[in-house]
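Chemist: I am attaching a structure below and will ask some questions about it afterwards.
The values are calculated or read from the model by the stated rules, or taken from the named source; none is laboratory data. Just so we're clear, the structure is a prediction, and the values are computed from it rather than from any experiment. Virtual Cβ from ideal backbone geometry, glycine too; neighbours counted across all protein chains shown. Areas reflect the complete protein model, heavy atoms only, side chains present, ligands, DNA and RNA absent. Shrake-Rupley method; radii C 1.70, N 1.55, O 1.52, S 1.80 Å.
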Amino acid sequence: MKVPDVSRGLRRAGLLAVLAGALLPGCESRTPPHRFPLTTPPATDSVPPPEESAARPASTEATSARPASAEATSSAQRLSGEAGSSARPASSEATRELAAVAAPSVVPASASVSAPARSTGRSAFRALPPTTERAGHLHALATRLKAPGGAVEAPCLEPRDTGCARSALTPFFSALDGLLEGTAKTPTVVAAFGNSLIAGDRIVDVVRDELTAGFGNAGRGALLVDRMAPYGGRSRTAAVSNGWQPRTLGELRAPPHPFGITGVYHVATGNRARGRFKLDGEPRGTLWWKDVKGAGRLVVSVDGAVLARTEPQGDGASRTTSFDLPAGAKWLDVTAEGKGAIVQGVVLQQDAPGIVLDMLGVPSADATLYGRLEEDALKSQLQQRDPKLLLFFLGGNESKRLEWKRTDLPTVRQDLAVLLRRARAAAPGSACMVVGPMDAVQDGHAKGKPLKQRPFLEAAIQAEREVALAEGCGFFNLYTAMGGAGSLVRFHQAGFMHDDLVHPRGQGLDLLGQLVADALLAGWVNEGAVSAPALTSSREDAPAGSGSGQTAEAVP
């Protein structure tokens with residue numbers, strides 16, 4: 001196709017954008033609407049899993065809006081998980097013609113349209129991956145539950161005369177560009193810290209699935225040798241385990257040893273404690289372990305053949321043992337030779353471009369309790385993971401402890417600032433985003449009486465937002481995205497809350513994950529289309545050390 005044909009296609013796309021802006025002014029909103037199906041399926045606790053790339057076809061509108069060139073086609077194929085060559089931007093002349101027809105507009109969170117090139121060094125064409133079948137069901141559910149979704153706030157870290165050279169999320173967005181264009185050579189890691197909202201995996205599973213559907217899957221990442229509790233699934237743990245006692249940073253009293261970034265360690269309760277992982281073609285692995293006095297060695301073996309043995313010194317340090325995995329290996333075993341050996345985690349991932357999301361959430365956790373992370377382990381393990389996005393799902397337990405008068409707002413501010421500073425210092429090349437808490441109701445509600453909103457919820461959200469933006473992190477207001485005050489009641493009436501009225505279940509969790517994924521992807525497409533607020537100094541002079549040292553209480 002000749003360049004004039006591309007230009008005509010771009011002019012048509014620009015005219016369509018102008019017409020859409022005139023007819024749908026809501027599309028220009030800073031809180032982009034979802035694209036919902038016209039019909040709403042009944043609420044169930046079973047949501048179809050995302051299909052393979054063939055189940056994510058580009059919409060007709062998206063096809064007509066893109067230039068019909070081989071380069072654009074290969075870009076769309078990459079977004080669907082297919083192989084293709086690097087995307088090349090349209091000619092500068094065509095881009096200038098498009099800019100003359102229509103100013104850049106904000107892309108809705110579920111639209112599959114290309115964004116025009118910006119002057120930020122970003123990829124010339126960013127387009128949202130086509131919607132998965134599950135995402136379509138969840139968007140319909142969002143309509144029923146009046147969950148409008150929302151946009152990510154990302155302060156500008158490097159302003160310039162013509163706009164913002166780098167925002168809080170630019171490192172992550174640039175990494176996505178590298179995956180899209182085929183220039184990335186290694187996985188793009190997302191490290192998700194948080195509380196029980198994500199500790200069951202389901203929210204981050206949806207975020208992971210939405211990202212891998214568009215940018216490729218590079219494996220499982222950081223895993224645990226056993227579950228954190230004697231129940232729950234094993235998607236992020238060994239397939240089979242026995243002989244381990246879990247200890248977590250969310251316990252009422254601080255356990256005897258500090259933690260690595262997983263916030264969990266497992267202690268061997270006797271000889272031959274074992275965790276067995278099913279391999280999926282990973283070329284190498286890493287064992288994170290604690291070198292405690294009197295503990296026996298840990299043995300790493302594959303299909304019965306020993307790969308590595310640890311050599312404890314008994315100095316209490318957090319250590320790393322890496323090993324290569326033979327091609328075709330099926331099972332990896334981590335075995336304790338004696339009682340007291342401690343495993344902090346196992347890392348398994350592909351040695352190829354794609355998304356890896358490490359689920360690092362712990363029940364009962366808050367920013368204060370994350371002060372129990374050991375500084376050396378935090379630095380070394382985050383440096384090994386080299387994340388491009390640090391995600392923090394916090395605020396639910398903070399608001400509860402504010403209600404119980406077990407903490408106060410200055411402590412909430414200070415300890416969140418400390419956590420963000422420690423994590424960003426350990427991973428200076430990473431973007432950072434805080435996800436605020438969901439809607440919550442007051443404890444002690446009586447049966448048959450109207451549910452009342454938790455009294456300190458909005459104050460905790462505002463405190464988290466101010467600290468996140470002041471510390472150079474993005475912020476996503478999950479509370480407003482799910483519908484604000486009263487949204488938890490709607491979730492409960494639809495059957496998507498547990499009896500404790502604290503923890504969502506089933507599709508309720510999936511929907512929250514979809515809201516986060518939609519906001520991240522829309523933020524990537526829209527980078528430069530909306531003004532980023534300037535970074536301001538922190539309101540709290542939080543020290544660089546650990547948190548305030550307040551203890552946890554038993555929270556489901």
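Chemist: Of these, Ser364, Ser380, Ser399, which one is more than 21 Å from Ser318 (Cβ to Cβ), open to solvent by less than 50 Å² (accessible area, probe 1.4 Å), of a type outside the set (Val, Ile, Thr) and not in a loop (DSSP other than H, G, I, E, B)? Outline the logic, then answer.
Modeler: Details: Ser364 fails: not in a loop (DSSP other than H, G, I, E, B); Ser380 fails: more than 21 Å from Ser318 (Cβ to Cβ).
Just a single option satisfies the conditions, and that option is Ser399.
Chemist: Follow-up. Here are some residues: Thr411, Thr407. Which one is open to solvent by 10 Å² or more (accessible area, probe 1.4 Å) and in a helix (DSSP H, G or I)?
Modeler: Thr411
Chemist: Also, quick follow-up: Scan the helices (runs of 4 or more DSSP H) fully inside segment 419-538 and keep the ones with 2 or more residues being more than 23 Å from the chain's Cα centre (by Cα).
Modeler: Output list reads 487-493.
Chemist: A further question on this structure: Taking segment 280-295 on its own, how many of its residues are open to solvent by 40 Å² or more (accessible area, probe 1.4 Å) and either hydrophobic (A, V, I, L, M, F, W, C) or more than 23 Å from Asp324 (Cα to Cα) (or both)?
Modeler: Number satisfying all stated conditions: 2.
Chemist: Between a residue in segment 515-528 that is over 22 Å from Ser487 (Cβ atoms) and any residue that is of a type in the set (Phe, Trp, Tyr), which pairs come within a Cβ distance under 6 Å, given they are 6 or more apart or on different chains?
Modeler: Partner pairs satisfying both residue conditions: Trp524/Phe173; Glu527/Phe173.
Chemist: For segment 151-165, how many residues are in a loop (DSSP other than H, G, I, E, B) and either among the β-branched types (Val, Ile, Thr) or open to solvent by 80 Å² or more (accessible area, probe 1.4 Å) (or both)?
Modeler: Counting residues in segment 151-165 that are in a loop (DSSP other than H, G, I, E, B) and either among the β-branched types (Val, Ile, Thr) or open to solvent by 80 Å² or more (accessible area, probe 1.4 Å) (or both) gives 3.
Chemist: Among the numbered criteria (1) part of a loop (DSSP other than H, G, I, E, B); (2) of a type in the set (D, E, K, R); (3) closer than 22 Å to Leu391 by Cβ, which one does Arg134 miss?
Modeler: (1)
Chemist: Would segment 249-258 turn up any residue that is more than 22 Å from Asn397 (Cα to Cα) and either more than 18 Å from the chain's Cα centre (by Cα) or open to solvent by less than 10 Å² (accessible area, probe 1.4 Å) (or both)?
Modeler: yes
Chemist: Here is a follow-up. Looking at Arg202, Arg227, Arg236, which is the one that is within 30 Å of Arg134 (Cβ to Cβ), within 14 Å of the chain's Cα centre (by Cα) and not hydroxyl-bearing (Ser, Thr, Tyr)?
Modeler: Arg202
Chemist: Quick one: how many residues across segment 468-483 are within 15 Å of Ala154 (Cβ to Cβ) and of a type outside the set (S, T, N, Q)?
Modeler: Summing the residues that are within 15 Å of Ala154 (Cβ to Cβ) and of a type outside the set (S, T, N, Q) in segment 468-483 gives 9.
Chemist: Suppose we keep only residues that are modelled with pLDDT under 95 and not basic (Lys, Arg) within segment 260-279. Which one would you say is most open to solvent (accessible area, probe 1.4 Å)?
Modeler: So, considering only residues that are modelled with pLDDT under 95 and not basic (Lys, Arg), the one most open to solvent (accessible area, probe 1.4 Å) is Asn271.
Chemist: Just checking: which of the strands (runs of 3 or more DSSP E) contained wholly in segment 257-361 hold 1 or more residues that are free of Cβ contacts under 8 Å to residues at least 12 places away in the same chain?
Modeler: Working: elements: 264-268, 274-278, 284-290, 298-302, 305-309, 318-324, 331-336, 342-349, 354-361.
Fully inside segment 257-361 and qualifying: 305-309.
Chemist: Would you point out the residue of segment 312-330, among those that are open to solvent by 40 Å² or more (accessible area, probe 1.4 Å) and touching a strand residue (DSSP E or B) at 6+ places or on another chain (Cβ under 9 Å), that is farthest from Ala222 (Cα to Cα)?
Modeler: Only one residue tops the list, namely Gln313.
Chemist: I'm trying to understand the selection: among the residues of segment 372-392, which are farther than 22 Å from Gly219 by Cα and either touching a strand residue (DSSP E or B) at 6+ places or on another chain (Cβ under 8 Å) or modelled with pLDDT under 95 (or both)?
Modeler: Result: Arg372, Leu373, Glu374, Asp376, Ala377.
Results for (1) free of Cβ contacts under 8 Å to residues at least 60 places away in the same chain; (2) more than 30 Å from Arg401 (Cα to Cα), shown as yes or no for each residue.
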{"site": "Arg160", "(1), (2)": "yes, yes"}
{"site": "Ala165", "(1), (2)": "yes, yes"}
{"site": "Pro171", "(1), (2)": "no, yes"}
{"site": "Gly178", "(1), (2)": "no, yes"}
{"site": "Phe193", "(1), (2)": "no, no"}
{"site": "Ser196", "(1), (2)": "no, no"}
